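Values in this text are rule-based calculations from the coordinates and carry no lab data. Worth saying up front: this structure is predicted, and the values here are computed from it rather than measured. Cβ placement follows ideal geometry from the backbone for every residue including glycine, while neighbour counts extend to all protein chains displayed.
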Amino acid sequence: MSTSLLPDTAAVAAGRLGVGGVALGDLAARHGTPLLVYDEATLHNRARAYREGLRAYPGPSRLAFACKAQSSVALLRVLLEEGLGMDVASEGELAFALAAGTPGDLLVVHGNNKSDADVAAALAAGAGLLVVDHDGELDQVERLAAAAGRVQPVLVRVNPAIDADTHRKIATGHAASKFGLAGGEAAAALRRAGSLEHVRPMGLHVHLGSQIASVDTYLEAAAWLAAFIDREGLGDLPLLDLGGGLAIAYADGDRAPDVRAAVAATAAGVAEQLGRRGLPAPGLILEPGRSIAGPAGVTLYTVGAIKTTAAGVTYAAVDGGMADNPRPAMYGARYRAFAVDRADAASTQAYAIAGKHCESGDVLIEAAELPELRPGDVIALAATGAYTSTMASTYNGLPRPAAVMVAGGEERVVVARETVADLLARER
Ligand code: LLP
């Protein structure tokens with residue numbers, strides 16, 4: 001059995017699939033399902049691969065993990081240990097980053113429509129950078145920073161009109177996207193920021209989109225940025241933030257760049273494009289989310305109902321679905337499943353892995369090749385460490401799953417399972 005889509009520590013012993021030295025079937029028995037399992041070693045490895053790739057950059061560089069991908073405080077703590085800062089997109093995400101112990105200067109605060117509460121929370125946290133997404137936001141930050149007695153360093157988000165090859169719902173750098181300012185307006189916003197008393201312009205921010213498999217897209221952005229910086233006379237700005245977006249493999253045959261090589265190629269490309277125009281290398285920031293947390297996670301489900309329809313589709317229904325992982329329903333995302341306690345057995349059948357929600361679109365995998373399933377079997381979906389728990393809902397009154405972190409043969413619960421009482425707690 002190939003474990004390439006699974007976390008780095010995945011291994012099969014006597015037919016049982018384990019991660020972090022713990023059998024997944026045992027985790028399901030001890031903690032129930034659906035259960036998210038995060039492999040600490042994979043988080044360390046991928047954070048280090050990013051850091052190693054950045055060594056190809058001649059100037060200073062740093063990383064801010066995109067908390068929208070995954071905001072479990074324990075997981076953020078692992079990444080803080082690796083020296084990463086945090087990219088947050090709301091007062092709520094900021095609270096998760098602070099709970100993990102993120103120092104204010106390592107925070108990058110995003111949002112295309114920040115509320116006064118979002119900005120005030122960033123100011124109160126002493127956020128190192130706030131990314132301005134529209135012109136009016138400069139006045140908002142000036143007003144709130146003055147009230148807080150602070151000068152807020154800002155980046156301005158520029159839209160390079162680059163159409164990344166990814167799902168259209170998660171492409172952000174194209175001309176029609178709601179994010180950022182077109183070139184001329186971004187340059188004007190940076191100039192205006194320099195005239196405000198409580199705002200300090202620090203540089204540009206670009207985010208092309210997510211699940212981008214081609215490094216060429218980043219190189220295209222590097223060339224565009226260098227020309228833009230040159231044309232607008234912005235070469236003295238100290239920072240350049242290229243956002244996140246690197247793709248991961250979800251299913252067999254998916255093309256996913258090697259992190260170290262892709263980051264090194266991007267960093268070298270930025271330096272080369274700027275150098276060609278005689279521009280200095282500013283401090284480079286990257287904001288990875290999925291490519292750090294995604295491959296570190298698997299979701300365990302228990303199989304219940306099994307049946308074959310008149311049309312010949314065999315369904316195996318599991319105890320979660322579109323509420324804990326909306327990605328297949330939202331983006332047509334594909335996943336790979338493993339039968340955790342028969343990991344060595346040959347696949348004999350294609351199952352549609354359905355959830356337990358009340359709609360036909362609640363199918364996690366349309367055709368999963370698996371050994372014959374029986375009710376009670378536990379299956380694992382690979383590469384579910386990003387954009388699952390942070391996008392989860394409680395549709396159909398299903399409490400959200402628990403999460404455990406595994407390392408060195410031990411597990412610890414890092415997110416408690418939600419209860420039906422929790423669901424009722426807000427009702428009046
Ligand atoms: N920086 C900014 C400003 C972003 O908006 C994002 C993601 C990232 C960094 C991190 O991108 P990553 O490295 O994770 O691709 N829910 C979608 C993905 C939405 C991404 C939103 N922005 C999905 O499940 O595929």
On Cα atoms only, tilt of 135-148 relative to the major axis of the chain in degrees: 80
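Could you tell me whether the stretch 40-292 comes out rounded, prolate or oblate from its Cα gyration tensor? Rule is a ≥ b ≥ c as square roots of the eigenvalues, rounded for a/c under 1.5, then prolate if a/b exceeds b/c, otherwise oblate.
oblate
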Where trypsin sites (Lys or Arg not before Pro) fall in DSSP loop in the stretch 169-233, at most 15 other Cβ within 10 Å: Lys178
Between the stretch 362-415 and the stretch 248-297, the alpha-carbon center distance in angstrom: 28
Separation of alpha-carbon centers, the stretch 99-155 and the stretch 156-208, rounded to whole Å: 16
Spacing of the two label points (7 Å from each Cα toward its C-beta) at Arg426 and Lys178, in nm: 1.9
Rounded tilt (10° steps) of 40-54 against the dominant C-alpha axis of the chain: 30
Estimated 222 nm signal from helices in the chain, with DSSP H stretches of n ≥ 4 weighted -39500 (n - 2.57), rounded to 500: -9000 deg cm²/dmol
Ranked list, fewest to most other Cβ atoms within 10 Å of each Cβ, for Cys67, Cys358: Cys358, Cys67
Residues Leu129, Leu181, Leu279, sorted so that the one with the fewest Cβ neighbours within 10 Å comes first: Leu279, Leu181, Leu129
Rough spin-label spacing in nm, given labels placed 7 Å along Cα→Cβ, for Ala148 and Arg55: 3.7
GNM top mover of Thr172, Thr314, Thr299 - the chain, alpha-carbon springs below 10 Å: Thr314
Estimated inter-spin distance, Asp165 and Thr419, nm [label 7 Å along Cα→Cβ]: 5.1
Order by protection proxy (mean Cβ within 10 Å, highest first), peptides 183-189, 263-269: 263-269, 183-189
Cα-based shape type of the chain, given that a ≥ b ≥ c are square roots of the gyration tensor eigenvalues and the cut on a/c is 1.5: prolate
Helix 215-232 vs. the chain, principal-axis angle (Cα, 0 to 90°, nearest 10): 20
In the stretch 31-109, the GluC sites (Glu not before Pro) that fall in loop regions by DSSP, at most 16 other Cβ within 10 Å: none
Sorted by Cβ neighbour density within 10 Å, fewest at the top, the residues Leu246, Leu284: Leu284, Leu246
Additional length obtainable on full extension of the chain from Arg374 to Asn396, 0.36 nm per residue less Cα span: 5.4 nm
Sorted peptide list for 359-365, 99-105, criterion being average Cβ within 10 angstrom, highest first: 359-365, 99-105
Computed lengthening from Ala117 to Asp216, 0.36 nm per intervening residue step minus Cα-Cα distance: 31.8 nm
